[in-house]
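Let me begin by presenting the structure, written as structure tokens, before commenting on it.
The values are calculated or read from the model by the stated rules, or taken from the named source; none is laboratory data. These numbers come from a predicted model, not from an experiment. Methodologically, a virtual Cβ is constructed for each residue, glycine included, from the backbone with ideal geometry; neighbour enumeration extends over all protein chains shown. Heads up: the accessible areas ignore ligands, DNA and RNA and are worked out on the full protein's heavy atoms, side chains in. Shrake-Rupley method; radii C 1.70, N 1.55, O 1.52, S 1.80 Å.
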Amino acid sequence: MTNEKFIGFTMEKTKHIALVAHDGKKKELVEWCDRNKDVLKNHFLCGTGTTAKLIAEKTGLPVKGYCSGPLGGDQQGGIDFLVFLWDPLEAQPHDPDVRALLRIAVVYDIPVANNLATADFLLTSKFMDETYERRVENFNVTIQE
């Protein structure tokens, strides 16, 4: 175990991008992926159940499908950033799952886009085409202190 305050994680040039959307936002995410498939095709894409299937069918992009969000699919696999279009106007029976996913993203310093404007900013960032070092707090050291 390291005694460093932070642990570094390297995002390679090929990013692992998770694509997740609530039912009312799936169409929006599919359309965004279709508009951006020239960039997205250079990265590893994954998503939860129906969302991954819809994106793959409608865009032709390869998307690795995991379980649906309520079954833990939104927390499977290592990712570099997350596009999670959640519907703020619709009550979600699995709100605790959403909070857990966002908590994990913050703990592991993972960029998160909750709307298309932020997703556009992430996708056009200079860091999309180069490596990037994320710094994650070493909670073992924090607890000891």
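Answer yes if at least one residue in region 99-110 is more than 19 Å from L123 (Cα to Cα) and either hydroxyl-bearing (S, T, Y) or at pLDDT 90 or above (or both), and no otherwise. Among the residues of region 99-110, at least one is more than 19 Å from L123 (Cα to Cα) and either hydroxyl-bearing (S, T, Y) or at pLDDT 90 or above (or both), which makes the answer yes. Mind listing just one residue for me: the one in region 112-145 that is open to solvent by less than 40 Å² (accessible area, probe 1.4 Å) and part of a loop (DSSP other than H, G, I, E, B) and, of those, modelled with the highest pLDDT? Looking at residues that are open to solvent by less than 40 Å² (accessible area, probe 1.4 Å) and part of a loop (DSSP other than H, G, I, E, B), I get S125. Has region 60-80 got any residue that is part of a helix (DSSP H, G or I), in contact with a helix residue (DSSP H, G or I) (Cβ under 8 Å, 6 or more places away or on another chain), farther than 29 Å from N138 by Cβ and at pLDDT 90 or above? Within region 60-80, none of the residues are part of a helix (DSSP H, G or I), in contact with a helix residue (DSSP H, G or I) (Cβ under 8 Å, 6 or more places away or on another chain), farther than 29 Å from N138 by Cβ and at pLDDT 90 or above.
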